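Single-structure report; data block below.
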Amino acid sequence: MCTQTDILRHKLYHASSQTEDSDYLFTSNRKVIEFDEEFFRNSDDKVLFYTGLPSYEILNCVFELVSLSVSHCSQSLSPFQELVMVLIKLRLDVPFQDLAYRFNISVPTVSRTFHSWLMTMDIRLSPFVHWPDRESLIRTMPQCFKFSFGTKTTVIIDCFEIFIEKPTNLLARAQTFSSYKHHNAIKVLIGITPQGSISYVSEAWGGRTSDKFLTENCGILSRLVPGDMVMADRGFTIHESVAFKRAKLIIPAFKKGKDQLDPVDVEATRGIAWVRIHLERVIGLLRGKYNTTGDTSY
C-alpha cells in the first residue's frame, strides 16, 4: 500500500522530468544571438537599439571607415562583431562582464577590444564633427535667429560632465573631482551652430577644470575668425580671450548692483535663454542616445 510520502515523491519526480524535457526543448530550439551582419541587415530597429545608429547602411559605413585601421583583438569574433560590441557598450553602458557573456569571450579581451576600437574611432570619425565656414552658416541660418542676433553668431558653447568611477591614482582622483557635482567626473565642452548641429566637441578634461580654463585651452578659440560671435552662459568669463581673436562674446546680462535689468537687457537675455534651451536639448539627445554619457543627476 502506497503511503502519502510515496505518492508525493512520485509527483515530484514526474514534474521534474517534465521540466527537464521542457528545458531541453527550449535550449535545442533557441538560436544564440551572433550580433553579426545577418542579425542586423534587415532590421534598422535592431541597429538603433543596440548601436544608436539609425540604419544598417550607416552601421556598415562606420565599419568600413574604421575596421581597416584597427588591430583586431579576438580570434572568436569577426571585426564586425567587435565593432558592434563596442557600440553596445557605448549605447547601453553594460558592464564588460555582461559583454563577455554575450560574446563568449573573456573580460580582458572585451577591455582590449573596446579600447582599441575606441581610439581608432576617435581618429577616423572626429573629422565628421565639422566646423562650418561663415558663408554656409549665413546661408542656412534660421530667420528667427538672424532677426534676434544677426548673422555673425558662429557657435553656442557649454560644458557638460560625465560621472566616472573613482580613480585609484590619487592625482587622477584629485583632477577629476567636481566640487560642484561632489563626484569624480570628466568635463567636455560642446559647441553647436545656430542651426542646431554639433560643430565642436573637446577632449575630455578633469571635472575640477573650470569652464573658463577649458574653453581657453581646448582649441575652440583657434577656430574663430575676426567678427565672429560666441554665445555662452554667465560662467564663461572669457571676454578677453575671445576679444583677442577679434571676436565677441554674448552672455546673459548681469544686474551689476541694479534692482533689475534694463528692458533691452531683459529682451536680449530672454533670447539667449531661448537659444541655450536648444543646446541643452542637443546635450540631452546625446545623453539619451549613448548611456555612457548619461544623466549625471543621481
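The values are calculated or read from the model by the stated rules, or taken from the named source; none is laboratory data. Keep in mind that this is a model prediction, so the values were computed, not measured. Neighbour counts are summed over all protein chains in view; Cβ atoms, including those assigned to glycine, are modelled from backbone coordinates with ideal geometry.
Which condition number in (1) out of contact with any His (no Cβ under 6 Å at 6 or more places or on another chain); (2) part of a loop (DSSP other than H, G, I, E, B); (3) small (Gly, Ala, Ser) is the one that Gly196 fails?
Unmet condition: (1).
Are any residues in region 152-175 touching a helix residue (DSSP H, G or I) at 6+ places or on another chain (Cβ under 8 Å) and surrounded by fewer than 13 Cβ atoms within 10 Å (Cβ to Cβ), and if so, which ones?
Lys166
In region 125-139, how many are in a helix (DSSP H, G or I), closer than 21 Å to Arg246 by Cβ and without any contact (Cβ under 8 Å) to a residue 60 or more places away in the chain?
Selection size over region 125-139: 4.
Yes/no per residue for (1) at pLDDT 95 or above; (2) surrounded by fewer than 17 Cβ atoms within 10 Å (Cβ to Cβ); (3) outside any loop (DSSP other than H, G, I, E, B):
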| residue | (1), (2), (3) |
| --- | --- |
| Val242 | yes, no, yes |
| Arg246 | yes, yes, no |
| Lys258 | no, yes, no |
| Val264 | no, yes, yes |
| Ile277 | no, yes, yes |
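Could you tell me whether region 30-42 includes any residue that is touching a residue at least 12 places away in the same chain (Cβ under 8 Å), of a type in the set (S, T, N, Q) and surrounded by 13 or more Cβ atoms within 10 Å (Cβ to Cβ)?
Checking region 30-42: not a single residue is touching a residue at least 12 places away in the same chain (Cβ under 8 Å), of a type in the set (S, T, N, Q) and surrounded by 13 or more Cβ atoms within 10 Å (Cβ to Cβ).
Looking only at region 199-217, which residues are touching a residue at least 40 places away in the same chain (Cβ under 8 Å), within 21 Å of Val275 (Cβ to Cβ) and buried (at least 17 other Cβ atoms within 10 Å of the Cβ)?
If the condition is that a residue be touching a residue at least 40 places away in the same chain (Cβ under 8 Å), within 21 Å of Val275 (Cβ to Cβ) and buried (at least 17 other Cβ atoms within 10 Å of the Cβ), then Ser199, Tyr200, Asp211, Leu214, Thr215 are the ones that fit.
Can you confirm whether Thr168 is of a type in the set (Ser, Thr, Tyr) and under 21 Å from Ser202 (Cβ atoms)?
no
Filter region 140-174 for residues that are part of a strand (DSSP E or B) and of a type in the set (A, V, I, L, M, F, W, C) and give the result.
Of region 140-174, the ones part of a strand (DSSP E or B) are 153-163.
Val155, Ile156, Ile157, Cys159, Phe160, Ile162, Phe163 - these are the residues of region 140-174 that are part of a strand (DSSP E or B) and of a type in the set (A, V, I, L, M, F, W, C).
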